């Protein structure tokens, strides 16, 4: 039986989520604290020591760029520079291992088993501290020539908005408006400080006009970005995930309206759904990627 | 031998280009005038009557939207509404037939045998009366769920620029600045009227500062659009084709500069090349599509 078993391992900045799967069936799951001290060198040994039996394969999801050859090109939140964690994992466990970006992993999970189930092509948008995305076309995750496909957060909305300085070095990137951090920044520009994103969303939904204008601006720009991505890849459906998407239908309807404002007419039928797998999306998608 | 032969048929608004291929080898080519009168009903019979012997397959490239099931959804330049030209073609000739959009056909031709040769993933940009594009990923043309992948021309650059009213119904679409028509429009805004696009490009290249500013603006916006598309699909290379790209290196270098200004850092290695197949790109790509 163990030769049909796969580990899906989602490495976050504070916790590693590990799932043991047989096909799409989750047999067992647990978590391991992420020890980022000392360049994160304990992370892979800690994961290896936690495993519960042999498996035919495994995959790691990491919060950073992954090149097509499996080289991880910096994960600031883990303390990692350029490294090959799959080699270390296989050396310790004997289990063949792949690696992918965490937003890409969540995209695959949501497309196969979550908000995008039933669609062969899905744009998944992860609205968290930043804005990540993943592109599934013709049933396969498409990570791009340099592993950077789906960088929706770095579409340039306004190259003249010097208040929106992005960590990537550019000005006016979408994630400076539409991420949790971006929404808090817009609220602050509107004179409301000291709130986290959820409080901004809740107050807006409860009728605070000033904060609703903030959320409307964020959703307008997100709808523009999704319309732009759909003009390029034309997926059947878009799935909204990440912490900001926990605002649910309130967010989805505003994004849908903005999408329809900007979308090329032939893309208007694109369905926009909410993610359904929550914080397990990455772990599930990672296991599916291991099996692919 | 004829069971290895394929027709590539590129239907333009004034001329149909027909090529007879054996694999990638062009055996013969000719053209047929496009008779658009009477709803373009003579176009397919004229093509069928021009064929030079049997073949294993054929494909048609058309200047309009093509749904994944092969339905053509309006080709204004041909006089066609919603129709299925492949059914008519096969009924007249007995040859199995596919259909695709003309920019997509040129994308496939340039990726396999032209400016994108050697790359498995290419974004092809056709700079003509409008701006079309095609996306080849992992060696296959990706036309999208509704056949509208690669609508680079309808990325929204400036939703507030009411001088840039697009035929699609939106405001500020990229093709209102970067197509031949768009460049002539920008020249007119700069006070230079009565020139065609080639004259604007030539005068700018010869040192006319006012027109060089026009070309710089067009290239800045095109570089932004290409950077946006690369952030979503991350191709190995971009190929610039269509009439405007006949300006050659003068155009390519300006687009490269603008791309580097806007591109996400991990995409900076993306190569930008000029198309090499000229006006045969669509016919060649159409034949390759017939063989796929």
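At-a-glance table
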quantity	calculated
One residue from A:107, A:48, A:61, A:133 being over 17 Å from residue A:282 (Cβ atoms) and either touching a helix residue (DSSP H, G or I) at 6+ places or on another chain (Cβ under 8 Å) or outside the structural domain of residue A:231 (by TED's automatic domain parsing) (or both)	A:48
Total residues in the stretch A:73-93, condition free of Cβ contacts under 8 Å to residues at least 40 places away in the same chain and outside any strand (DSSP E or B)	6
Matching residues in the stretch A:58-72 - criterion: being under 19 Å from residue A:32 (Cα atoms) and in a strand (DSSP E or B)	A:58, A:59, A:60, A:61, A:62
Conditions (1) at pLDDT 95 or above; (2) farther than 30 Å from residue B:71 by Cα; (3) surrounded by fewer than 20 Cβ atoms within 10 Å (Cβ to Cβ): number failed by residue A:257	(2)
Residues within the stretch A:120-129 that are touching a strand residue (DSSP E or B) at 6+ places or on another chain (Cβ under 7 Å), more than 8 Å from chain B (Cβ to nearest Cβ) and surrounded by fewer than 24 Cβ atoms within 10 Å (Cβ to Cβ), tallied	0
Matching residues in the stretch B:183-199 - criterion: being closer than 17 Å to residue B:127 by Cα and either more than 20 Å from the chain's Cα centre (by Cα) or without any contact (Cβ under 8 Å) to a residue 40 or more places away in the chain (or both)	B:184, B:185, B:186, B:187, B:196, B:199
Among residues of the stretch B:170-198, those that are buried (at least 22 other Cβ atoms within 10 Å of the Cβ) and assigned to a loop (DSSP other than H, G, I, E, B), counted	2
Selection status of residue A:58, more than 14 Å from chain B (Cβ to nearest Cβ), without any contact (Cβ under 8 Å) to a residue 12 or more places away in the chain and within 24 Å of residue A:21 (Cβ to Cβ)	no
The stretch A:268-289 residues that are on the phi > 0 side of the Ramachandran plot and touching a residue at least 40 places away in the same chain (Cβ under 8 Å), paired with ones that are surrounded by 19 or more Cβ atoms within 10 Å (Cβ to Cβ) and part of a helix (DSSP H, G or I) (beta carbon under 8 Å, 6 or more apart)	none
Test: residue in the stretch A:151-169 that is crowded, with 21+ Cβ neighbours inside 10 Å and farther than 25 Å from residue A:239 by Cβ	yes
Filtered residue count, the stretch A:205-241, keeping only those that are assigned to a helix (DSSP H, G or I), free of Cβ contacts under 8 Å to residues at least 24 places away in the same chain and surrounded by fewer than 24 Cβ atoms within 10 Å (Cβ to Cβ)	4
Positions within the stretch A:32-53 being part of a strand (DSSP E or B) and surrounded by 15 or more Cβ atoms within 10 Å (Cβ to Cβ), in sequence order	A:32
Residues that are at the interface with chain B (Cβ under 8 Å from one of its Cβ atoms) and in contact (Cβ under 8 Å) with a residue 60 or more places away in the chain, drawn from the stretch A:151-162	A:152, A:155
In the stretch B:265-279, the residues that are out of contact with any strand residue (DSSP E or B) (no Cβ under 7 Å at 6 or more places or on another chain) and within 16 Å of residue B:246 (Cβ to Cβ)	B:276, B:277, B:278, B:279
Failed criterion for residue A:110 (all others in (1) in a helix (DSSP H, G or I); (2) within 13 Å of another protein chain (Cβ to nearest Cβ) hold)	(2)
Criterion (more than 11 Å from chain B (Cβ to nearest Cβ), surrounded by 24 or more Cβ atoms within 10 Å (Cβ to Cβ) and in a strand (DSSP E or B)) met by exactly one of A:132, A:116	A:132
In the stretch B:163-175, the residues that are more than 10 Å from chain A (Cβ to nearest Cβ) and under 16 Å from the mean Cα position of the chain (by Cα)	B:175
Residue check, residue B:13 in contact with a helix residue (DSSP H, G or I) (Cβ under 8 Å, 6 or more places away or on another chain), within 18 Å of residue B:101 (Cβ to Cβ) and outside any strand (DSSP E or B)	yes
Number of the condition not met by residue B:143 [criteria: (1) touching a strand residue (DSSP E or B) at 6+ places or on another chain (Cβ under 8 Å); (2) more than 11 Å from every other protein chain (Cβ to nearest Cβ)]	(2)
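The values are calculated or read from the model by the stated rules, or taken from the named source; none is laboratory data. On a predicted model such as this, the values are computed, not experimentally measured, just so you know. Heads up, the Cβs are rebuilt from the backbone with ideal geometry, glycines too, and the neighbour counts pull from every protein chain shown.
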